[in-house]
Each structure stands twice: as C-alpha cells, then as structure tokens.
Amino acid sequence: MRFLFPILAALAGLSAAAPSAKRSINAPAAGTSISSGETIAFSYGASDWCHGGYSPIAMYLSETQPAGVNATGGLDDGTYIQYFGSYLINNFGLPVLPPAPPTSITITDLESYAVGSTLYFSVVETALEGTCPGGVSHPAEYLLTSVPLTVA
Ligand SMILES: *[C@@H]1O[C@H](CO)[C@@H](O)[C@H](O)[C@H]1NC(C)=O
C-alpha cells in the first residue's frame, strides 16, 4: 500500500496534464492590436506530444505568415521582424528549468508598418531528439503555430 500511493499520484498527474495535448497560443489572441514598444501578455499551451519533461519553445514576429521552420527548427534569418528568445516549458509539474517562458513580451519598433497592417506572431515548439520517454527514438520535431496581430 505504501508503494501504491506514489504511483496513483503520478498517474493522476499524468491524466491532469493530458488536456494540453493540443497546442495553442492563448495570448496574444488573434487580432490583438500592437504598437511600438508595447508590452502584451504571452501564454502558450504546449502540445508535448511525446510527453517529454520539458518543451522548448521560441517566439517570433513576422511580416508574413511563416510557412514552416528551417532545418534547425527556427525561422530563417531575415524572414522575421523580431525574435523573442527560446524558453523551456516544464511539463507534469516538474521543477522550472530556466529560462521559463515570460508572461509578457515587448513589441519592437513598428514605425515602418502602416496602421491596420497585419503581422504574425508565431511559436515554434520543439520535441528534441530522443526526449520521448519509453525509449521511443525519433528525430527532432517542430510544431509551428501562428496568430495574426494588427498594427495600431
Ligand atoms: C534557422 O533558424 C535559426 C533560428 O532563427 C537561425 O539562427 C538560423 O540561422 C536559421 N538558418 C538559416 C539557414 O537561416
């Protein structure tokens, strides 16, 4: 009995994490207005499709909607306006492993973009090679999610 409780607790933890299986940019919402130097909320729900302990993410602001990532899982240099950095999302209630994702991001200078124009905020989530538990071997895999934002 003594050994059963930690196992049940671990299973409960796993099932509680399951609803995050579908990735989503929770903030900024599609259509959010942005202006130069403005700080806006950021929140991303990781897919964590392979159930790794940590999900690396990176965020970008682009003029056009990115069609995909390059060979190393980034957006090609020169195809984005701003790079917000790379962070680690902790899954299953594991301890935070810095750098943890920020809860807000500050938008760069947008003076060269007309009011009303659409820019795209993107998150690339990475499942690193060999990080899936259970000895599942897979190459690094990248999930790209974008939302349109409006220059105010
Ligand atoms: C791929 O993306 C990364 C991250 O943005 C970048 O550092 C790298 O230079 C890119 N590769 C090419 C060929 O642009």
key: Convex hull of Cα atoms in region 105-152, direction-averaged projection (nm²)   = 4.7 nm²
request  = Determine ³J(HN,Hα), in whole Hz, for all residues of region 29-36 in sequence, where each value follows from phi through the Karplus function 6.51 cos²θ - 1.76 cosθ + 1.60 and θ = phi - 60°; x replaces Gly and Pro.
outcome  = 6, 3, x, 4, 7, 10, 9, 3
Cα-Cα P(r), region 55-152, percent of pairs per 5 Å interval = 2, 12, 20, 21, 18, 12, 8, 4, 2, 1, 0
query = Going highest first, how would you order 122-131, 67-76, 138-147, 81-90 by mean Cβ packing within 10 Å?
reply = 122-131, 81-90, 138-147, 67-76
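A short reminder: the numbers here are calculations on the coordinates, not readings from a lab. None of these values were measured; they are calculated from a predicted model. When we count neighbours, we look across all protein chains shown, and the Cβ atoms used for this are built from the backbone with ideal geometry, even at glycine.
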